[in-house]
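Participant: Once you've had a glance at the structure underneath, I'll fire off some questions.
The values are calculated or read from the model by the stated rules, or taken from the named source; none is laboratory data. As the structure is a prediction and not an experimental result, all values here were calculated from the model. For neighbour counting, all protein chains shown are included, and Cβ atoms are generated from backbone atoms with ideal geometry for every residue, glycine included.
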Number of protein chains: 4
Amino acid sequence: MKARIGIIGTGWVGTSVAFSTLLAGHARELWLYDQRTAVAEGEALDMTDGAAFYPRCAVSAVPLAQMREADIVVLAAGRNGRPDESRLDLLRDNARIAAGMGRALAGFGGIVIVVTNPVDVLTRVVAAAAGLPPERVIGTGTLLDTARLRERLALHLNVSPNSVHAQVVGEHGDSSVVLWSGASVGGVALRDWPGWPADEEPTVAGHVRRAAYDVIQRKGATNHAIGLVATELIGAIVNDERRILPVSRVQDGACGIRGVALSLPALVGAGGAVQVLEPAMDAAERAALAASAAVLERAFATLAG
Amino acid sequence: MKARIGIIGTGWVGTSVAFSTLLAGHARELWLYDQRTAVAEGEALDMTDGAAFYPRCAVSAVPLAQMREADIVVLAAGRNGRPDESRLDLLRDNARIAAGMGRALAGFGGIVIVVTNPVDVLTRVVAAAAGLPPERVIGTGTLLDTARLRERLALHLNVSPNSVHAQVVGEHGDSSVVLWSGASVGGVALRDWPGWPADEEPTVAGHVRRAAYDVIQRKGATNHAIGLVATELIGAIVNDERRILPVSRVQDGACGIRGVALSLPALVGAGGAVQVLEPAMDAAERAALAASAAVLERAFATLAG
Amino acid sequence: MKARIGIIGTGWVGTSVAFSTLLAGHARELWLYDQRTAVAEGEALDMTDGAAFYPRCAVSAVPLAQMREADIVVLAAGRNGRPDESRLDLLRDNARIAAGMGRALAGFGGIVIVVTNPVDVLTRVVAAAAGLPPERVIGTGTLLDTARLRERLALHLNVSPNSVHAQVVGEHGDSSVVLWSGASVGGVALRDWPGWPADEEPTVAGHVRRAAYDVIQRKGATNHAIGLVATELIGAIVNDERRILPVSRVQDGACGIRGVALSLPALVGAGGAVQVLEPAMDAAERAALAASAAVLERAFATLAG
Amino acid sequence: MKARIGIIGTGWVGTSVAFSTLLAGHARELWLYDQRTAVAEGEALDMTDGAAFYPRCAVSAVPLAQMREADIVVLAAGRNGRPDESRLDLLRDNARIAAGMGRALAGFGGIVIVVTNPVDVLTRVVAAAAGLPPERVIGTGTLLDTARLRERLALHLNVSPNSVHAQVVGEHGDSSVVLWSGASVGGVALRDWPGWPADEEPTVAGHVRRAAYDVIQRKGATNHAIGLVATELIGAIVNDERRILPVSRVQDGACGIRGVALSLPALVGAGGAVQVLEPAMDAAERAALAASAAVLERAFATLAG
Ligand SMILES: NC(=O)c1ccc[n+]([C@@H]2O[C@H](COP(=O)([O-])OP(=O)(O)OC[C@H]3O[C@@H](n4cnc5c(N)ncnc54)[C@H](O)[C@@H]3O)[C@@H](O)[C@H]2O)c1
Ligand SMILES: NC(=O)c1ccc[n+]([C@@H]2O[C@H](COP(=O)([O-])OP(=O)(O)OC[C@H]3O[C@@H](n4cnc5c(N)ncnc54)[C@H](O)[C@@H]3O)[C@@H](O)[C@H]2O)c1
Ligand SMILES: NC(=O)c1ccc[n+]([C@@H]2O[C@H](COP(=O)([O-])OP(=O)(O)OC[C@H]3O[C@@H](n4cnc5c(N)ncnc54)[C@H](O)[C@@H]3O)[C@@H](O)[C@H]2O)c1
Ligand SMILES: NC(=O)c1ccc[n+]([C@@H]2O[C@H](COP(=O)([O-])OP(=O)(O)OC[C@H]3O[C@@H](n4cnc5c(N)ncnc54)[C@H](O)[C@@H]3O)[C@@H](O)[C@H]2O)c1
C-alpha cells in the first residue's frame, strides 16, 4: 500500500530522503515542511517538474499540522554541529526542535522516522514528547553505519555488498559497536574468510565511524546514503516487509537495555519496529554495547539538567 | 550496455544528474570532476556509502583528463546568474569554461551532454571547441521545458503526463516555442479536448518558461527535474533506444536552421542525436522558431566580439 | 495503493497476467482460481517459490466466491477456438462461462478486466450479468493490437516504440480499425514521415490483425504480450494513473456508439475506464468503426437467439 | 554491460528464463533455439509483441550454431521424467542432449548455465564435452532449493525472505543438504531464534526437497521460480556482481570434493563461478555433503557404462 509520507526539514538530508522515496515509488502523496517555507515549496515544485520520470505521486509543501494525517513522518529538521560549539549545544538545540515536533505529533496514528542527530537521543525525546509506543518512533540509527560497513567489507574482499552480512549496533556515533563475531560473507564466517586480517578490524570500524566526518569535511553535509537508507526503512514499513534491520528505538529489555534508545536488529513492518532481536555477541561486544547505552543515557540526562 | 559516465561540475545540477543516473542503473562506472576537488570526492564517498541500494556501479572522483575515456560526458560546470550582472556576463564566463572543456575533449570518441546555461549557445561552443560532429554534442535544451509542459497540462486536464504529447522547441529560455498546434492527449488533439481553454495557452507557456525562476527564487537552484531529464537522455544513449526527444544540437538544415544550436525533436540513440525531425508547425510557431534561432545567433555572435 | 488482485482462469493467459503483475509489484495479494483446482494451486506454489525475487506479495489459490473481495478481477477463463468448429460455437461456450462469472460478481465493488475472447462481446456479457456500470468492466480490447502496431511501426521506422503514437480501435478482431490519420512519431505525423509508404498501411494493419494467428500457429497460444498488456492496465487502475488507453467497455454515446462494447481511447484510473474520448478520425476510419460496431452488435445478438 | 543471451530449449523452463530475463533488462539480444523450431519462433514473436513493456531488447529465434556468439547460453532443453521409466533412462536421454550441446559449444568464449535435469550430472557432462573451465559451466543447482528454503523459513517465522540467510548445498535432488548449523535470521542464529522448533528441521528439508514434485503433480511442470532463479544468476554475471550464490560447478577441491559437479557457495561474476567457498558445516552436514557427492559420482559413472 502506497503511503502519504511527510518530511519535516527539507535541508540536505530531508530533500534526499524525499527524492529517493519518490523514485522508489513508496509514496502516493509526499508532503514537505520546513520553517524555511519557500525552500519546501521550491523543492516540491522542482520534484513535480520531473513527475514524468517517477511513479505517480503528488508532491507538495504543507503546513506542519498536516503531518498528523500522514502514514509516515520523517524528522530531518535541525542543524549540523558548528566547529566552535560543544556537542552539548547541538544536542540541546536539536532536542528542543525534536521535542516540539514530538508534541505536535501527540496522538499521531502512524510511524515517525527520526534522522536528525544525535539520532538516538532524539528518538527517545520524540517518543516521550509524542507519547507514542516505542515501536512507532524509529531512528535510522546504525542502519547507515551498517550500509557503510558492508560496503567497505565488500570492497576489501572484492565481493558484492549483498553477500556481506554484518551489523553495527548501539549508538549511531562514537560508541557504535561492530558485531565482528557474527559477521559472515556468503555463509562463511568473516573470521574464517581466507586472508581476512582480523587485526585490522579496529581500523575498519574506525573508518566506518569516521565516514560522515570524511564526507562532511569535503562537501559540507552527507545526504545521498542517508536518503537511500531512510528510503529502505520506509519501504519496509509501507510494504509491511517484516525485514530485520538494525534501527534505533527505545528499548524495553532486549540485551538488558531498557529506556534508552539505540540500535539493535529489529523486525520492521507496517506496525513499525515491532520486535527487537538479540544478536549473537561475544563478551567484548556485549560490554561495548552496554558502554554505548551508558553514553546515551548520560547524554539524555544532560537534557533534564 | 552499461557505460562509463563522467560528470564535469558537481554542484546542484551535476550531483543530481549523477545520483539519478546511479539509481537508473545506466552506469558501470561514474566519474566525478569539479574544480572544487574535495566536493567531487565528498560526493563520490557519499554515493558509495549507499552502494547497497543501487545497481552495481563504481563511483569515484577523477582528474579532468580521464573524462576522455568515458562513453558519455555531462557538462554541468559553470555558474548561475547573479542578480547584479548582465546576462551577457554570465554567458561570457560560462562560455569560457565550456570552451575549455570542449578543447579538453578534442578527439573524444563518445557523446557530450551539455547542461550548463545558456545551454544552447554552450552546446555550439562545445561542439566547435571539441571539433565533434553535431550529433555527438547534445544540449538538454527543451527536454526539461517539455517535461514541465506535459506535467502542467496533465495537472490541468487531470490525466497522466504519460498521455500528454506536446513539445517545446527552440531556445531553452525566453524565446522557447510551445508547439500547441500539434499537441495531443491520448490521441485527441489538445485543441479538440473538451473544455480546453485555448486562450490560456500563452499563460501556460509563460508558466513553463518561468518555472526555473519560480524554483530558484525559492530554493536557490533547480536540480531534481534537470537531473531526471538528463538521466532520461543518458538512458536513450546507453540503451540505444532511438527515442525521439526534443534536444539541442547544432542544426544542419532542419526547419531551415543551420549552424545555430537549438532544440528540435531528434532521434537519440547510441550515436547521439543522429537524426533531426521537422515537427508540424503552424505559421505562428514557425515564425517563433525562426525568431528563437535569431536570438541564439545574436547571443553566440556576442562571444566573438 | 497495492491491490488484492484475482485471476479467474490460470491457463496460458491467466498465468502470464499473474506473473507479470507479480513482477510489476501491483499486487499485495494475488488470488488464483481455475476449475482445474490443482493447476491454480500449482501455479500459486511455483510463484511463491520465487518470492525472494519480486516485491512482497502473497500468492494463493482461492475459491471463486473469494473473488468478490478483490479490488480487481481478471477474467481469463474459457477456451481458444478449435479448427473444426464455427466461431459461433466458441462464442456460445465462452459467453456461458463469462455470464456465470458475471453473475458470481453481482454487486462486486471493484473493477473487472475481461481477457477471454471474443473479448468485446464478453465484456458486454459480463457487464450485463454482473449489473456493473460500464466503466468498471473493461476488456483489454485493442490495447494489445495497439502494442503490436506500435512495435511493428517502430521496427519499420527504426525508432523506439515509445516514440510511436498510433492507436487501434473497434473490435479486438477482424474488424479492428487502425487510426492511421492520427498516427504520429515523435510529434511528426506518420504520413509526413520521410519515406513512409502509405500504400503499405493495409499490409501493416493485416499483420497486426493476424499477429495472434501467427503466434498460435507456432506455439499453440499467445500469452506473454497479453500478460504485459493486462498488467499495464492493472497498473493504471492500481496507481490511479489516469492514463488514456484504447480499451473495450460498453459505450454510451462516444463516436455515436451506444450499448455495444468495443475499444476507444479511455481515461483509466482507480474508478476504471471512467471517460471515453473521441479520437480524430477521417471518413474511412469513421465508417470502419461503425462497421466494427455493427459486427459486434450482430455477434451479441446471436447469443440471444 | 547488457548481454547477448541465448536460450537452448524453449519449453516451460526455457521460456520462463527468457521472459524473466527480458523483464529484468539483462539482455540486449535474446536468442531462442529449440528443436521445435516453430515454438521458438512463436515465443520470439509473442515476446516481441510486448516490447513496449520491457527494456529494449531484440528477441529472435536463431539456429543452434549462433549460440556460440552469445555471452551467456542457458541450457534448458531436454525432458522431464515419465512415470513409467527409471531415473536412469531420463539421465541417459538428457545427458545425450547435453553432451551434444556441449560439443556444439566447444571453444565457446562465454558462460554456460545448465538447467536441464539432473542438473549436477549434466553440468559435468557439458563442461567435459565443451572442454570449458569449471567456472564457466554453472548449474543452477541448489540456488532454487535455497530460494524455496528461505521462503518457507520466512513464512514459518513471519519475516521477510530477505532477512533469512540459509543455504542448501550438494545435489539438486534427493541428497541435497540444508546447512542448518549456519542458518541465521537477521543476524540471529536460526537455532537461537525464539521458538524455533529444531526437531522440525527434517520436515522442512523434506518439504523443500519435495517442492518440485508438489508443483509438477499439480500443473505438470515447474517454471516460474526456476526462471527467476536463473535470471538472478544471469544478472550476477552480466553486471559482474561478485555475489556469493550456491550454484553447481565441477569442484576442484573445495570441501574435499574434486571432479564431481555439485553446489557449494561460489562467487559469481563476469567470469562465472570463479571462486568456491567452504561454508561452515557441522559433522552431520559434512557427512551428508560427502554422501551427496558420492551419489552424483555414481550417477555420472552409469553414463560411461
Ligand atoms: N541519522 C543520520 O544518520 C544522519 C545522517 C546525516 C545527517 N543527519 C542529521 O540530519 C539533520 C539535518 O541535516 P541537514 O544536512 O539536512 O541539515 P540542513 O541544515 O541542510 O537542513 C536542516 C533543515 O531543517 C530546517 N529546520 C531547522 N529547524 C526547524 C524547525 N524548528 N522547524 C522546521 N524546520 C526546521 C532548516 O530550515 C533546514 O532546512 C542534522 O541534524 C544532521 O546531523 C543525520
Ligand atoms: N539546461 C538546463 O535545463 C539547466 C537546468 C538547471 C541548471 N542549469 C545550469 O547548470 C549550471 C550548473 O548549475 P548548478 O546549480 O549546479 O551550479 P553550482 O554553482 O551549484 O555548480 C556549478 C559547479 O561547477 C563547478 N565549476 C565551475 N567552474 C568550473 C571549472 N572551470 N571546472 C570545473 N568545475 C567548475 C563549480 O565548482 C560548481 O561545483 C548552471 O549554468 C545552471 O544555469 C541548466
Ligand atoms: N483478449 C486478448 O487479447 C486475448 C489474448 C490471448 C488470449 N485470449 C483469450 O484468453 C482465453 C484464455 O486463453 P488461454 O490460452 O489461457 O486458454 P487455456 O485453455 O490455456 O486456459 C483457459 C483456462 O480457463 C479455465 N476454465 C475454463 N472454463 C472455466 C470455468 N468455467 N471456470 C473456471 N475456469 C475455467 C481452464 O481450466 C483453463 O485453465 C481464450 O479465450 C483466449 O482466446 C485473449
Ligand atoms: N534445475 C532445475 O532446478 C530445474 C527446474 C525445473 C525444470 N528443470 C529441468 O529443465 C528441463 C526442461 O523442462 P521443461 O519443463 O521446460 O520441459 P519441456 O518439455 O517443456 O521443454 C523442453 C524443451 O526442450 C526441447 N528439446 C528437447 N530436446 C532438444 C534438443 N535435442 N535440441 C533442442 N531442443 C530440444 C523440447 O523441444 C522442449 O521444447 C527438464 O530437464 C527439467 O527437469 C530443471
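Participant: Take the residues in the stretch B:13-36 that are part of a helix (DSSP H, G or I), more than 16 Å from residue B:97 (Cβ to Cβ) and within 16 Å of ligand 2 (Cβ to nearest atom), then tell me which one is nearest to the other protein chains (Cβ to nearest Cβ).
Facilitator: The extreme case among them is B:19.
Participant: Restricting attention to the stretch C:1-54, and to residues there that are within 16 Å of ligand 4 (Cβ to nearest atom) and among the β-branched types (Val, Ile, Thr), which single residue is farthest from the chain's Cα centre (by Cα)?
Facilitator: Among them, the one singled out is C:48.
Participant: Could you please tell me which pairs satisfy a Cβ distance under 8 Å, a separation of 6+ or placement on different chains, a first residue in the stretch A:117-130 that is within 14 Å of residue A:78 (Cα to Cα) and in contact (Cβ under 8 Å) with a residue 24 or more places away in the chain, and a second residue that is assigned to a helix (DSSP H, G or I) and polar (S, T, N, Q)?
Facilitator: Sorted first by the residue in the stretch A:117-130, then by its partner, the pairs are A:117/A:94; A:118/A:94; A:122/A:94.
Participant: Step by step: first the residues of the stretch C:211-227, then only those that are facing another protein chain (nearest Cβ under 7 Å) and touching a residue at least 24 places away in the same chain (Cβ under 8 Å), then the one that is nearest to ligand 3 (Cβ to nearest atom). Which residue is that?
Facilitator: Taking the candidates together, the pick is C:222.
Participant: Could you please let me know if residue A:21 is of a type in the set (Ser, Thr, Tyr) and either within 16 Å of ligand 3 (Cβ to nearest atom) or surrounded by 22 or more Cβ atoms within 10 Å (Cβ to Cβ) (or both)?
Facilitator: Against the criterion (of a type in the set (Ser, Thr, Tyr) and either within 16 Å of ligand 3 (Cβ to nearest atom) or surrounded by 22 or more Cβ atoms within 10 Å (Cβ to Cβ) (or both)), residue A:21 qualifies.
Participant: Now a separate question. Hey, can you tell me all the residues within the stretch C:76-93 that are at pLDDT 75 or above and of a type in the set (S, T, N, Q)?
Facilitator: Of everything in the stretch C:76-93, just one residue is at pLDDT 75 or above and of a type in the set (S, T, N, Q), namely C:80.
Participant: In addition: I'd like to check something: does the stretch D:191-209 contain any residue that is of a type in the set (Gly, Ala, Ser) and on the phi > 0 side of the Ramachandran plot?
Facilitator: Yes - at least one qualifying residue is present in the stretch D:191-209.
Participant: Taking the options A:40, A:52, A:99, A:70, name whichever one is modelled with pLDDT under 95 and aliphatic (A, V, I, L, M).
Facilitator: Every option except A:52 fails the conditions.
Participant: Could you check how many residues of the stretch D:233-262 are crowded, with 24+ Cβ neighbours inside 10 Å, within 12 Å of chain A (Cβ to nearest Cβ) and either not aliphatic (A, V, I, L, M) or not in a helix (DSSP H, G or I) (or both)?
Facilitator: Matching residues across the stretch D:233-262 total 4.
Participant: Given the criteria within 18 Å of the chain's Cα centre (by Cα) and either loosely packed, with under 14 Cβ neighbours inside 10 Å or in a loop (DSSP other than H, G, I, E, B) (or both), does residue B:210 qualify?
Facilitator: yes
Participant: Any residue in the stretch C:184-202 that is of a type outside the set (S, T, N, Q), within 12 Å of ligand 3 (Cβ to nearest atom), within 14 Å of chain B (Cβ to nearest Cβ) and buried (at least 18 other Cβ atoms within 10 Å of the Cβ)?
Facilitator: No; the residues of the stretch C:184-202 include none that is of a type outside the set (S, T, N, Q), within 12 Å of ligand 3 (Cβ to nearest atom), within 14 Å of chain B (Cβ to nearest Cβ) and buried (at least 18 other Cβ atoms within 10 Å of the Cβ).
Participant: While we're looking at this one, here's another question. Identify all residues within the stretch C:37-57 that are not in a loop (DSSP other than H, G, I, E, B) and not aliphatic (A, V, I, L, M); write none if there are none.
Facilitator: C:37, C:41, C:42, C:43, C:46, C:48, C:49, C:53
Participant: Looking only at the stretch A:39-57, filter to residues that are farther than 22 Å from residue A:222 by Cα, of a type outside the set (D, E, K, R) and within 8 Å of chain B (Cβ to nearest Cβ); which one of those is nearest to ligand 3 (Cβ to nearest atom)?
Facilitator: A:52
Participant: Condition (residue is without any contact (Cβ under 8 Å) to a residue 12 or more places away in the chain and assigned by TED's automatic domain parsing to the domain that holds residue D:284) applied to the stretch D:169-187: is it met by at least one residue?
Facilitator: Yes: the stretch D:169-187 contains one or more residues that are without any contact (Cβ under 8 Å) to a residue 12 or more places away in the chain and assigned by TED's automatic domain parsing to the domain that holds residue D:284.
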